[in-house]
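Trainee: Structure below; questions to follow.
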Amino acid sequence: MGILAAAEAATENNSRFVLERFYDDLISVERKSLLTAETYKTAVKELLDWCRLKHIDYKTLGIQDLLYYLVWRKTGDSDRAGADELTIAKDISALRSFGTYLVRIGVWSENTALLLQRPRAKRRLPRVLAVEEVDKLLSVIDTSNPLGLRDRALFELVYSSGLRIGEVSALELQNLHLNERLLWVRGKGDKERMVPFGDEAVVHLRNWLEKGRSALVKNPSVPWLFVNYRGKRLSRKGIWKRFQELEALSGISAKVHTLRHSFATHLLAGGADLRSVQELLGHADLSTTQIYTHIDDEALRDCHRDFFPSHSAGTAER
């Protein structure tokens with residue numbers, strides 16, 4: 001091995017080591033959730049990869065280097081897409097946290113990343129499905145086999161309770177109170193909440209537990225509510241991939257999170273108050289929940305234009 005190759009290998013090993021230590025620090029010292037720690041680790045790995053590409057030692061990074069990196073992330077090139085404002089904002093949060101860690105272990109004398117300003121990402125109205133679209137999406141699931149019973153129960157529960165994909169993946173049997181129609185959910189920041197679910201979800205959960213899960217899980221000590229074909233915990237990626245298949249079969253363009261958006265919007269349209277929906281979704285800030293009121297307003301305007309097109313035109317002229 002040549003001197004240059006040896007140096008590059010040593011740099012890569014050092015980067016991998018500091019990345020793992022940073023991840024451990026996020027969980028044990030900063031008390032970040034596993035999801036946040038994974039997100040920050042991924043963002044910092046992008047930075048360290050860029051440092052190797054540009055032959056820059058991360059220990060000597062200055063504010064100008066960090067700014068060049070963020071511009072590189074945002075612009076993209078022929079091999080990769082540019083990052084949007086929301087992603088850049090998350091990257092900066094990760095870099096600030098990484099800087100705090102480097103200062104704590106004595107690599108940086110000060111946290112240069114704190115000088116970075118997060119962009120104000122424009123909040124776009126999330127995609128929401130009509131009730132008929134949700135029904136169509138769920139109706140394509142083949143419930144003649146255990147995995148189909150699982151998928152119907154899982155996605156029915158996501159829509160019925162407004163769960164995040166990570167929350168439904170982490171559900172254990174002990175979190176489910178079927179007779180009371182309640183879930184004990186651990187959300188962002190390890191905050192816990194009780195969430196009710198509807199009669200349709202009860203039916204499909206019973207079918208899954210009695211006919212589906214029992215066929216896949218041979219070890220009674222497996223705690224997870226939803227499992228894969230090997231009887232192990234169904235991962236976020238596994239849920240996402242299965243939902244993509246349902247998209248293709250149904251012709252409905254959506255994401256798993258779209259069911260959560262639809263849950264909130266349909267509740268508000270049905271007369272639920274904003275504070276109650278905030279509690280059900282596990283939002284720390286009411287302003288996050290308020291976006292669904294804007295979606296409902298948009299839907300009302302669309303309906304008005306459909307039924308009173310001439311009146312809408314006249315209003316625009318005035």
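Trainee: For Gln117, work out the one condition from (1) surrounded by fewer than 21 Cβ atoms within 10 Å (Cβ to Cβ); (2) in contact with a Leu (Cβ under 7 Å, 6 or more places away or on another chain) it doesn't fulfil.
Mentor: If we test Gln117 against (1) surrounded by fewer than 21 Cβ atoms within 10 Å (Cβ to Cβ); (2) in contact with a Leu (Cβ under 7 Å, 6 or more places away or on another chain), just (2) comes out false.
Trainee: Right, next: Confirm whether Glu180 is more than 17 Å from Leu154 (Cβ to Cβ) and not aliphatic (A, V, I, L, M).
Mentor: Details: more than 17 Å from Leu154 (Cβ to Cβ): yes; not aliphatic (A, V, I, L, M): yes.
Criteria met by Glu180.
Trainee: Only one of these conditions is not met by Trp208: (1) under 27 Å from Pro146 (Cα atoms); (2) of a type outside the set (Ser, Thr, Tyr); (3) modelled with pLDDT under 95. Which number is it?
Mentor: If we test Trp208 against (1) under 27 Å from Pro146 (Cα atoms); (2) of a type outside the set (Ser, Thr, Tyr); (3) modelled with pLDDT under 95, just (3) comes out false.
Trainee: Check Leu154, Leu171, Leu182, Leu178 and return the single one that is in contact (Cβ under 8 Å) with a residue 12 or more places away in the chain, in contact with a helix residue (DSSP H, G or I) (Cβ under 7 Å, 6 or more places away or on another chain), among the aliphatic types (A, V, I, L, M) and surrounded by 15 or more Cβ atoms within 10 Å (Cβ to Cβ).
Mentor: Exactly one of Leu154, Leu171, Leu182, Leu178 is in contact (Cβ under 8 Å) with a residue 12 or more places away in the chain, in contact with a helix residue (DSSP H, G or I) (Cβ under 7 Å, 6 or more places away or on another chain), among the aliphatic types (A, V, I, L, M) and surrounded by 15 or more Cβ atoms within 10 Å (Cβ to Cβ), namely Leu154.
Trainee: Would you point out which residue out of Tyr68, Tyr23, Tyr40 is of a type outside the set (A, V, I, L, M, F, W, C) and touching a residue at least 40 places away in the same chain (Cβ under 8 Å)? Don't jump to the end; show me each part of the working.
Mentor: Numbers: Tyr68 fails: touching a residue at least 40 places away in the same chain (Cβ under 8 Å); Tyr23 fails: touching a residue at least 40 places away in the same chain (Cβ under 8 Å).
Tyr40 is the lone residue from the list that is of a type outside the set (A, V, I, L, M, F, W, C) and touching a residue at least 40 places away in the same chain (Cβ under 8 Å).
Trainee: Take segment 9-23 and flag every residue that is surrounded by 13 or more Cβ atoms within 10 Å (Cβ to Cβ) and either among the aliphatic types (A, V, I, L, M) or at pLDDT 90 or above (or both). Step through it out loud before you land on a result.
Mentor: Kept after step one, since they are surrounded by 13 or more Cβ atoms within 10 Å (Cβ to Cβ), are these residues of segment 9-23: 11-12, 14-15, 18-19, 22-23.
Scanning segment 9-23 gives Val18, Leu19, Phe22, Tyr23.
Trainee: Right, something else. All but one of (1) loosely packed, with under 14 Cβ neighbours inside 10 Å; (2) more than 21 Å from Glu247 (Cβ to Cβ); (3) of a type outside the set (Ser, Thr, Tyr) hold for Asn145; which doesn't?
Mentor: (2)
Trainee: Does segment 116-155 hold any residues that are outside any loop (DSSP other than H, G, I, E, B), closer than 30 Å to Ile291 by Cα and aliphatic (A, V, I, L, M), and which are they? Talk me through it step by step, then tell me what you get.
Mentor: Just the residues of segment 116-155 that are outside any loop (DSSP other than H, G, I, E, B), to begin with: 131-139, 146-155.
Now narrow it down to the ones that are closer than 30 Å to Ile291 by Cα: 131-139, 151-155.
Those that are outside any loop (DSSP other than H, G, I, E, B), closer than 30 Å to Ile291 by Cα and aliphatic (A, V, I, L, M): Val131, Val134, Leu137, Leu138, Ala153, Leu154.
Trainee: Still on this structure, I have one more. Considering segment 213-237 alone, what residues qualify as being outside any helix (DSSP H, G or I) and among the polar types (S, T, N, Q)?
Mentor: Of everything in segment 213-237, those that are outside any helix (DSSP H, G or I) and among the polar types (S, T, N, Q) turn out to be Asn219, Ser221, Asn228, Ser235.
Trainee: Go through Leu47, Leu86 for me and flag whichever is part of a helix (DSSP H, G or I), in the same structural domain as Ile105 (by TED's automatic domain parsing), hydrophobic (A, V, I, L, M, F, W, C) and more than 21 Å from the chain's Cα centre (by Cα).
Mentor: Just a single option satisfies the conditions, and that option is Leu47.
Trainee: Could you list, in sequence order, the residues of segment 100-127 that are touching an Asp or Glu at 6+ places or on another chain (Cβ under 9 Å), touching a residue at least 40 places away in the same chain (Cβ under 8 Å) and within 25 Å of Val256 (Cα to Cα)?
Mentor: Matches in segment 100-127: Leu125 only.
Trainee: Being small (Gly, Ala, Ser) and within 21 Å of the chain's Cα centre (by Cα), is that true of even one residue in segment 126-142? Write out each step before concluding.
Mentor: Filtering segment 126-142 down to residues small (Gly, Ala, Ser) leaves 130, 139.
Checking which are within 21 Å of the chain's Cα centre (by Cα) leaves us with none.
Scanning segment 126-142, I find no residue that is small (Gly, Ala, Ser) and within 21 Å of the chain's Cα centre (by Cα), so the answer is no.
Trainee: Here is a further query. Return yes when Arg193 is out of contact with any Ser or Thr (no Cβ under 9 Å at 6 or more places or on another chain), buried (at least 18 other Cβ atoms within 10 Å of the Cβ) and not assigned by TED's automatic domain parsing to the domain that holds Leu34 and no when it is not.
Mentor: Numbers: out of contact with any Ser or Thr (no Cβ under 9 Å at 6 or more places or on another chain): yes; buried (at least 18 other Cβ atoms within 10 Å of the Cβ): no; not assigned by TED's automatic domain parsing to the domain that holds Leu34: yes.
No.
Trainee: Of the residues Ser28, Ser93, Ser97, Ser109, which is closer than 30 Å to Gly187 by Cα, small (Gly, Ala, Ser) and exposed (fewer than 12 other Cβ atoms within 10 Å of the Cβ)?
Mentor: On inspection, the qualifying residue turns out to be Ser28.
Trainee: Being part of a helix (DSSP H, G or I), over 18 Å from His177 (Cβ atoms), out of contact with any strand residue (DSSP E or B) (no Cβ under 8 Å at 6 or more places or on another chain) and charged (D, E, K, R), is that true of even one residue in segment 198-212?
Mentor: First, the residues of segment 198-212 that are part of a helix (DSSP H, G or I): 199-212.
From the residues that got through so far, the ones that are over 18 Å from His177 (Cβ atoms) too are 211-212.
If we keep only those that are out of contact with any strand residue (DSSP E or B) (no Cβ under 8 Å at 6 or more places or on another chain) as well, we get 211-212.
Those still in the list that are charged (D, E, K, R) too: 211.
The answer is yes; a qualifying residue exists.
Trainee: Looking for whichever is under 18 Å from Val128 (Cα atoms), in a helix (DSSP H, G or I), of a type outside the set (Phe, Trp, Tyr) and modelled with pLDDT under 55 here; the options are Ala299, Ala264, Ala248. Which one fits? Don't jump to the end; show me each part of the working.
Mentor: Working: Ala264 fails: modelled with pLDDT under 55; Ala248 fails: modelled with pLDDT under 55.
Step by step, each of Ala299, Ala264, Ala248 is checked, and only Ala299 is under 18 Å from Val128 (Cα atoms), in a helix (DSSP H, G or I), of a type outside the set (Phe, Trp, Tyr) and modelled with pLDDT under 55.
The values are calculated or read from the model by the stated rules, or taken from the named source; none is laboratory data. Here the structure is a predicted model, which is why all the values come from computation and not from measurement. When we count neighbours, we look across all protein chains shown, and the Cβ atoms used for this are built from the backbone with ideal geometry, even at glycine.
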